[in-house]
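Here's the structure, in C-alpha cells; my notes come after.
The values are calculated or read from the model by the stated rules, or taken from the named source; none is laboratory data. Computed from a predicted model, the values in this text were never measured in an experiment. Cβ atoms come from the backbone with ideal geometry, glycine included; neighbour counts cover every protein chain shown.
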Amino acid sequence: MKIDIDRERLTSELEELGAISQAQPPVVTRVVFTEADLRGREYVKQLCREAGLSVREDAAGNTFARWAGENPELEPVATGSHIDAIPNAGRFDGTVGVLGGLEAIRSLAGAGYKPRRSLELVMFTSEEPTRFGIGCLGSRLLGGLLDPETAGGRLDRDGVSLDNARWAAGFEGPLASVPLPPGYYSAFVEMHIEQGPILERHNVPLGVVTAIAAPASFEVAIEGEGGHAGAVLMADRHDAFLAAAEIALAVEKSARSSGSNDTVGTVGVCEVFPGAVNSVPSRVRMEIDVRDTDEARRDSVLQKIKLACEEVADRRGVKTSLRLVNADPPVHCHPHVVDTLVQACKTHGLPFERMISRAYHDSLFMSRIAPTAMLFIPCRGGVSHRPDEYASPEAVAQGTLVLAETLAQLAS
Ligand SMILES: [Zn+2]
C-alpha cells in the first residue's frame with residue numbers, strides 16, 4: 001500500500017483552523033464553547049463530512065467521525081486530540097492530532113485501503129483547563145474519571161455552569177451518557193507536538209511515547225503571626241512567608257532527590273498576606289504541582305513535602321494545612337500500540353526515539369477505555385502555548401504518515 005500524505009492540503013487546513021480565533025491571528029485563542037471554538041468545530045466537522053465520515057457528538061461536545069470498517073461490529077480504532085486553545089496560544093497544539101488524524105484517514109482511503117475495524121477520529125472537548133478549571137474535560141468524562149453528576153455544575157469565572165455553556169452550544173442530554181465502557185476502542189493513538197526540545201535537539205523526526213506523566217496538585221495554607229515590620233523582634237516572629245520559603249525549597253529538594261529526572265516539582269503560586277512592605281506576613285497560600293511517570297515515586301515526594309510542612313510548622317511556630325486538589329494517575333502506554341508505532345516508523349524508514357510525555361494529554365484518560373499510545377512530532381525550540389509555536393509541514397507530514405500506517409495496522 002502506498003500512502004500519500006497531502007502535505008499542502010494539511011498545511012493549509014492547519015492555517016485555516018488557526019485563523020479561527022478569539023484573538024487577532026497569528027494569536028490563537030479558542031476557549032471551549034466560545035463562538036471561535038464552535039466555528040473551529042464546525043470547520044473540522046465539515047472536512048470530516050467531505051471525507052465521507054459520519055459525525056456524531058455526545059452531550060459534552062466530544063465529536064466522533066467514523067469511517068465504517070468491513071466488520072463494523074468489532075471495536076473500532078480511534079485517533080484524535082483537541083482543538084481548544086488557551087489564550088495567546090499557537091496553531092499546532094492539539095490541532096495536528098485532529099487534522100493530522102483526518103488526513104491519515106483520507107490518505108488511507110486514497111490508497112484503496114479497506115479497514116476491517118472502523119476507524120474513528122475523536123475531537124475532545126476542552127483539553128485545556130482555561131474555562132472550567134479542569135483539563136481534559138471531555139476525555140475525563142469519556143474515560144469515567146470525572147463524576148458526571150457534579151461536572152455539569154462546575155462554574156466558569158463569570159458564574160456560567162458547564163451545563164449552561166454546553167446547552168447554549170447545542171450539546172444536550174445528560175453528561176451521564178458520555179462515559180464509554182472499558183474496551184470500547186481496540187486502540188487509541190494520539191499525535192501531538194512534543195511541546196519540549198528533545199526531538200529537535202536530537203534531530204529525530206518522531207517520538208514514540210511510552211509513558212505519560214501526571215500531575216498531583218495541592219494547596220498549602222500557612223498561618224503565622226503578623227505584625228509591624230519594625231516593631232516585632234526577629235526572635236519573636238512567626239513569619240508565614242519564611243515558612244513558605246522553606247517549604248518551597250523542600251519541594252525542590254524532594255523532587256530532585258527522587259532518583260529520576262522524570263520527577264518534577266513546582267511552586268507556581270505563592271500569595272502573601274497582607275502583602276505590605278512594612279508588615280510581617282501573617283498568611284500564605286501556595287499551590288504546588290508534582291509530576292512523575294511513576295505514581296508511587298510521585299506519592300513518596302508528596303509524602304516528603306508533607307513531612308517538611310509539619311517540621312517547618314513545628315520549628316517556626318506556624319500552622320500549615322495541606323489540601324490535595326487533584327491527583328491523576330500517570331500511565332504507561334500500551335506495549336502493543338507502542339510496538340505498532342515503532343514498526344510504522346521502521347516501515348517508512350523514519351528515525352524515532354522512545355520518550356515520555358511530561359505534559360498530560362487526552363490520552364491519559366483514554367487509556368482507561370482503550371490500549372493507548374502517543375506519537376510526538378518536533379516543534380521549533382520546544383515552544384508551545386505561544387503564538388510562535390511552530391511545527392514544519394515536513395514534521396507534520398511525517399507524523400501523519402506514521403499515524404496512517406499505525407492506524408492501518410491496528411484496524412486490519
Ligand atoms: Zn494539547
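Of all the listed residues (ALA370, ALA344), the sole one being small (Gly, Ala, Ser), away from the ligand (no atom under 16 Å from the Cβ), touching a Phe, Trp or Tyr at 6+ places or on another chain (Cβ under 8 Å) and modelled with pLDDT of 95 or more is ALA370. When the test is whether a residue is within 23 Å of the chain's Cα centre (by Cα) and away from the ligand (no atom under 16 Å from the Cβ), LEU162 passes it.
So is ARG9 surrounded by fewer than 21 Cβ atoms within 10 Å (Cβ to Cβ), modelled with pLDDT of 95 or more, of a type in the set (D, E, K, R) and within 22 Å of the chain's Cα centre (by Cα) or not? Here the answer is no, as ARG9 does not meet what is asked. Yes or no: region 339-353 includes at least one residue that is aromatic (Phe, Trp, Tyr), within 28 Å of PRO181 (Cα to Cα) and surrounded by fewer than 22 Cβ atoms within 10 Å (Cβ to Cβ). Taking every residue of region 339-353 in turn, none turns out to be aromatic (Phe, Trp, Tyr), within 28 Å of PRO181 (Cα to Cα) and surrounded by fewer than 22 Cβ atoms within 10 Å (Cβ to Cβ).
Checking each residue in region 301-328 for being out of contact with any strand residue (DSSP E or B) (no Cβ under 6 Å at 6 or more places or on another chain), within 16 Å of GLY265 (Cα to Cα) and loosely packed, with under 15 Cβ neighbours inside 10 Å picks out GLN303, LEU307.
Condition first: of a type outside the set (Phe, Trp, Tyr), under 19 Å from LEU341 (Cα atoms) and not in a loop (DSSP other than H, G, I, E, B). Now tell me which residues in region 375-399 satisfy that. First the steps, then the outcome.
The initial filter retains those residues of region 375-399 that are of a type outside the set (Phe, Trp, Tyr), namely 375, 377-389, 391-399.
Adding the requirement that they be under 19 Å from LEU341 (Cα atoms) leaves 375, 377-378, 394-399.
Result: LEU375, ILE377, GLU394, ALA395, VAL396, ALA397, GLN398, GLY399.
Which condition number in (1) in contact with a strand residue (DSSP E or B) (Cβ under 8 Å, 6 or more places away or on another chain); (2) more than 19 Å from ALA404 (Cα to Cα); (3) more than 16 Å from the ligand (Cβ to nearest atom) is the one that ILE212 fails? Tallying (1) in contact with a strand residue (DSSP E or B) (Cβ under 8 Å, 6 or more places away or on another chain); (2) more than 19 Å from ALA404 (Cα to Cα); (3) more than 16 Å from the ligand (Cβ to nearest atom), ILE212 fails exactly one: (3). The conditions of being free of Cβ contacts under 8 Å to residues at least 60 places away in the same chain and either surrounded by fewer than 24 Cβ atoms within 10 Å (Cβ to Cβ) or not small (Gly, Ala, Ser) (or both) are not met by PRO393. In region 202-219, the residues that are farther than 9 Å from ARG291 by Cβ reach residues that are among the acidic types (Asp, Glu) and buried (at least 22 other Cβ atoms within 10 Å of the Cβ) with C-beta atoms within less than 9 angstrom, at least six apart or across chains, in these pairs: GLY207/GLU194; VAL209/GLU190.
Within region 315-337, none of the residues are among the hydroxyl-bearing types (Ser, Thr, Tyr) and outside any strand (DSSP E or B). Scanning region 180-199 for residues that are within 16 Å of the ligand (Cβ to nearest atom) and part of a loop (DSSP other than H, G, I, E, B), we see that the one that is surrounded by the fewest Cβ atoms within 10 Å (Cβ to Cβ) is GLN195. Selection of region 57-85 for residues being part of a strand (DSSP E or B) and over 21 Å from GLY143 (Cβ atoms) yields TRP67, ALA85. On the basis of being farther than 30 Å from VAL32 by Cβ and surrounded by fewer than 15 Cβ atoms within 10 Å (Cβ to Cβ), does GLY224 make the cut? Criteria not met by GLY224.
If you take the residues in region 246-282 that are among the aliphatic types (A, V, I, L, M) and part of a strand (DSSP E or B), which one is surrounded by the fewest Cβ atoms within 10 Å (Cβ to Cβ)?
Residues of region 246-282 among the aliphatic types (A, V, I, L, M): 247-251, 255, 264, 267, 269, 272, 276-277, 280.
Now restrict to residues that are part of a strand (DSSP E or B): 264, 267, 269, 272, 280.
Numbers: VAL264: 20, VAL267: 19, VAL269: 13, VAL272: 17, VAL280: 23.
Applying the filter and picking the extreme gives VAL269.
Residue-by-condition table, conditions (1) in contact with an Asp or Glu (Cβ under 7 Å, 6 or more places away or on another chain); (2) among the aliphatic types (A, V, I, L, M); (3) at pLDDT below 95:
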site	(1), (2), (3)
ALA308	no, yes, no
ALA313	no, yes, no
VAL318	yes, yes, no
ASP328	no, no, yes
HIS334	no, no, no
HIS348	yes, no, no
MET355	no, yes, no
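A search for C-beta distances below 9 Å between a residue of region 8-36 that is on the phi > 0 side of the Ramachandran plot and any residue that is loosely packed, with under 14 Cβ neighbours inside 10 Å and of a type outside the set (Ser, Thr, Tyr), counting only pairs 6+ apart in sequence or on different chains, returns PHE33/ALA168.
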